[in-house]
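What follows is a set of notes on a single structure, which appears directly below.
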Amino acid sequence: MNALNIRDLRKVYKNGFEALKGVDITVQQGDFFALLGPNGAGKSTAIGIISSLVNKTSGHVEVFGHDLDNDPEGVKSCIGLVPQEFNFNMWEPIGEIVVNQAGFYGIPRKEAWRRAEASLRQLDLWDKRQQMSRTLSGGMKRRLMIARALVHRPKLLILDEPTAGVDIEIRRSMWEFMSELNRQGTTIILTTHYLEEAESLCRNIAIINQGRIVEHSRMDRLLHQLHTETFVLNLRDPLNELPSLQGFELKRLDGQRVEVAVNSEQSINQLFEQLSLHEIGVTSLRNKQNRLEQLFMNMVESARNGAAQ
Amino acid sequence: MTRYSRYLTAFQTIFTKELLRFTRIWLQTILPPVITTVLYYIIFGNLIGSRIGEMDGFSYIDFIVPGLILMAVITNSYSNVVSSFFSSKFQRHVEELIISPVPNWVILAGYVAGGVARGVMVGIAVTSVSLFFTDIQVQSYGWTLTVFILTAILFSLAGFINAVYANSFDDISIVPTFILTPLTYLGGVFYSISMLPEFWQQVSLANPILYMVNAFRYGLLGVSDIPMGVALGIVVLFIVALTGFSLYLLNRGIGIKN
Ligand SMILES: Nc1ncnc2c1ncn2[C@@H]1O[C@H](COP(=O)(O)OP(=O)(O)OP(=O)(O)O)[C@@H](O)[C@H]1O
Ligand SMILES: [Mg+2]
């Protein structure tokens, strides 16, 4: 059974704007799925429809076999949502926010407190349970929304930019947390603008642009499509003149840094052979761009050019 | 966990949340109507009332007691639901409910129960104060309580509908200021409509609050300008209509969904 099945989903907002123009997405049970796209692509709109916050104009949505039109309660019971914008009561204590959410799902108060404790502890917020939510920092507020989304143990967790504005240490611990949750069987859909995050966490990916899916595949297959990778090399000694290497072209960034593209038929070994031949010492190297980022930019750009024609 | 026990838990959660909300800020929610009512008793009841003489066979202060209590119930049940539901829209935490597997009628019932609870608490507080200023003998506890609760339900529903349509904090004060307050003052709280010219008596009959005030006065004092059956029928009719309309708004997601 698929965790999520979306067919020909369309959304026209009241002002006439067409945010989704026939979207198909399939997410398998147990998957860690990335839904990527530039600002305004329609990610939050799609997530809003799946979680009943936005009315669809047409199309089909199925979550773990429950049809959104015929069995909305079945759909809702399966989903935990971490929305993009803060949407909790700023004048309510943190503990109560989580417990009340559990209550809305029908979990009795005693059991709700037990679960709230577990999920607040996991996200390092239990000590603050009596504080008003408005006193939390931005990163803590995001974690509060994750704790709230997990309290009814959803089969499908949807995270709309959960790591936006979260510092690197906490972001790392959130990655570990999400991976662990996924290992234990929770299907996860993640949207993010940090593409290295999607690359390292997700197994499948869909890219949406201007209301249309432009890519829907396995992450490894997609990354395989990348023909060239660009590296930045830090040199031991400054170069006065750029040597001509066989098969590679160096580009000077400044005195001690050069950039070089390696295509999929070449190897980094070959590059270093050439560099040694010319007695160029390299102290370190890094990818100029994250691989997914490069693909993403290519795709969005070609879609834009396509639209312009 | 059966479906209905799930719904019951959800209802209790909404209701408890509402209860906590207004009892936490009792200085703003319970106390003000008590103070207002005391002022009415002092000014209209004692100072001016003693010069007015009798109305429908009662001293003026006794005559206005039922209306004043009901006025407090109306304002408070209304404003509880309108401000609570509007702020849940404004701060977006209404989304917590929309994404949950709770049917709309449970959501509505939860908010209305919250409004009724505040109406009843304020009503009890105001009634207790009334006992200091008057010595009324309750004629029928059954009637009194029925009207009390029905009125609170009706105005909680009205507050809910107002909140659904409201887009700003101004919008939630327009209805109370321009509709609710005039209707209440013209609803026979301070006078018997038999004092009015024939034409204005007829006009007054279009005011739903008139029926509630009179039904309540009947429960407390045993007199009314309106036959009891008619009064009760009209109140119930309004409740049914507003419930239907509220559920329609929720099902369509008007004011809360894109
Ligand atoms: N309520 C609304 N009324 C009209 N248009 C809307 C509404 N909400 C969103 N849109 C438009 O729909 C498009 C998609 O918005 P959406 O929020 O789904 O984008 P997104 O992919 O989540 O972007 P971001 O990465 O910035 O969060 C945007 O052009 C946006 O302006
Ligand atoms: Mg978004």
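The values are calculated or read from the model by the stated rules, or taken from the named source; none is laboratory data. Remember, predicted model here, so these are calculated numbers, not experimental data. Neighbour counts run over all protein chains shown; Cβ positions are idealised from the backbone, glycine included. Note: accessible area is taken over every heavy atom of the protein model, side chains too, but ligands, DNA and RNA are not part of it. Shrake-Rupley method; radii C 1.70, N 1.55, O 1.52, S 1.80 Å.
When the helices of chain B are scored as -39500 (n - 2.57) per DSSP H run of n ≥ 4 and the total is divided over every residue, the value at 222 nm lands at -23500 deg cm²/dmol.
Going down the list A:Lys21/A:Lys288; A:Lys56/A:Lys110; A:Lys76/A:Lys110; A:Lys76/A:Lys288, which pairs span over 32 Å between their C-alpha atoms? Pairs exceeding 32 Å: A:Lys21/A:Lys288; A:Lys56/A:Lys110; A:Lys76/A:Lys288.
Each of B:Ile25 and A:Glu279 was given a label point 7 Å from its Cα along the Cα-to-Cβ line. The distance between the two points is 8.0 nm. For the range A:1-158, relative contact order (Cα pairs under 8 Å, six or more residues apart, normalised by length) works out to 22 percent.
Taking Cα atoms, how many degrees apart are the long axis of helix B:141-165 and the longest axis of chain B, rounded to 10 and kept between 0 and 90? The angle comes out at about 50 degrees.
For the residues of A:52-62, the average number of beta carbons from a partner chain within 10 Å of their own beta carbon is 2. Springs between Cα atoms under 10 Å define the GNM used for chain A, and in it the highest mean-square fluctuation of A:Gln294, A:Gln84, A:Gln225 occurs at A:Gln225. Give the calculated FRET efficiency between A:Glu293 and A:Glu176 to the nearest 0.05, with a Förster radius of 22 Å applied to their Cβ-Cβ distance. Computed FRET efficiency for A:Glu293 and A:Glu176: 0.50.
Comparing B:Ser128, B:Ser192, B:Ser79 in a Gaussian network model of chain B, where Cα atoms under 10 Å apart are tied by springs, the biggest mean-square fluctuation is seen for B:Ser128.
With a probe of 1.4 Å, find how much accessible area the range B:1-149 has per residue, and write the answer as a whole number in Å².
Details: 6480 Å² over 149 residues.
Per-residue accessible area for the range B:1-149 comes out at 44 Å².
Dipole magnitude for chain A: computed about the Cα centre from +1 point charges on Lys and Arg Cβ and -1 point charges on Asp and Glu Cβ, it is near 1100 debye.
With the contact rule set at Cα under 8 Å and sequence spacing of 6 or more, what percent relative contact order holds for chain B? Don't skip to the end; give the middle numbers.
On the way: 319 pairs, mean separation 64.7, N = 258.
RCO, chain B: 25 percent.
Take the Cβ atoms of B:Arg3 and B:Ala241, set R0 to 30 Å, and the FRET efficiency comes out at 0.60.
So, with +1 on the Cβ of K and R and -1 on the Cβ of D and E, and no other charges, what is the size of the charge dipole of the range B:1-151 about its Cα centre, to the nearest 20 debye?
On the way: 9 positive and 7 negative charges, 143 e Å.
The calculation lands at about 680 debye.
For the range A:228-292, the solvent-accessible area works out to 64 Å² per residue, with a probe of 1.4 Å and every protein chain left in place.
Interface residues of the range B:77-110, defined as a loss of at least 30 Å² in heavy-atom accessible area between the chain alone and the complex of all protein chains with a 1.4 Å probe, are B:Gln91, B:Arg92, B:His93, B:Glu95, B:Glu96, B:Ile98, B:Ile99, B:Ser100, B:Pro101.
Using helices alone, what [θ] at 222 nm do you get for chain A, with -39,500 (n - 2.57) per DSSP H run of 4 or more residues, divided over all residues and rounded to the nearest 500?
Values: 10 runs with 110 residues, N = 309.
-11000 deg cm²/dmol, from helical runs alone.
By how many nm would the segment from A:Gln266 to A:Glu18 grow when fully extended, if each residue of separation counts as 0.36 nm and the alpha-carbon distance is taken off?
Going from the current span to full extension adds 84.9 nm.
Here r is the Cβ-Cβ distance between A:Met1 and A:Trp126 and R0 is 60 Å; the resulting FRET efficiency, rounded to 0.05, is 0.95. Helix A:168-183 and the long axis of chain A differ in direction by around 70°, with both axes built from C-alpha atoms.
Towards the positive end of the charge dipole of the range B:3-252, with charges on Cβ (+1 Lys, Arg; -1 Asp, Glu), say which of B:Ala10, B:Met121, B:Asn251 has the farthest Cα. The one lying farthest along the dipole's positive direction is B:Ala10.
Using a 1.4 angstrom probe on heavy atoms only, work out the carbon and sulfur share of the accessible area of the range A:2-224 in %. Please list the in-between numbers first.
Values: 4220 of 9160 Å².
Whole-percent figure for carbon plus sulfur exposure: 46.
Averaged over peptide A:75-86, the number of partner chain Cβ atoms lying within 10 Å of each residue's Cβ comes to 2.
This model, with +1 at the C-beta of Lys and Arg and -1 at the C-beta of Asp and Glu, gives the protein assembly as shown a dipole about its Cα centre of some 720 debye. For the range B:3-252, the extents of the C-alpha atoms along the principal axes are 59, 37, 35 Å, listed from largest to smallest. Chain A contacts chain B over a buried accessible area of about 2700 Å², both sides summed; the probe is 1.4 Å and only protein chains count.
Pairwise over distinct Cα atoms, reciprocal of the mean inverse distance: report the Kirkwood radius of the range B:23-62 in Å, one decimal place.
Details: mean 1/r = 0.0881 Å⁻¹.
About 11.3 Å, per the Kirkwood formula over Cα pairs.
Label the range A:228-292 by shape, choosing from rounded, prolate and oblate, from the square roots a ≥ b ≥ c of the eigenvalues of the Cα gyration tensor; if a/c is under 1.5 it is rounded, and otherwise prolate applies when a/b is larger than b/c, oblate when it is not. Verdict is oblate for the range A:228-292. A DSSP coil position with no more than 12 other Cβ atoms inside 10 Å describes the following GluC sites (Glu not before Pro) in the range A:37-136: A:Glu85.
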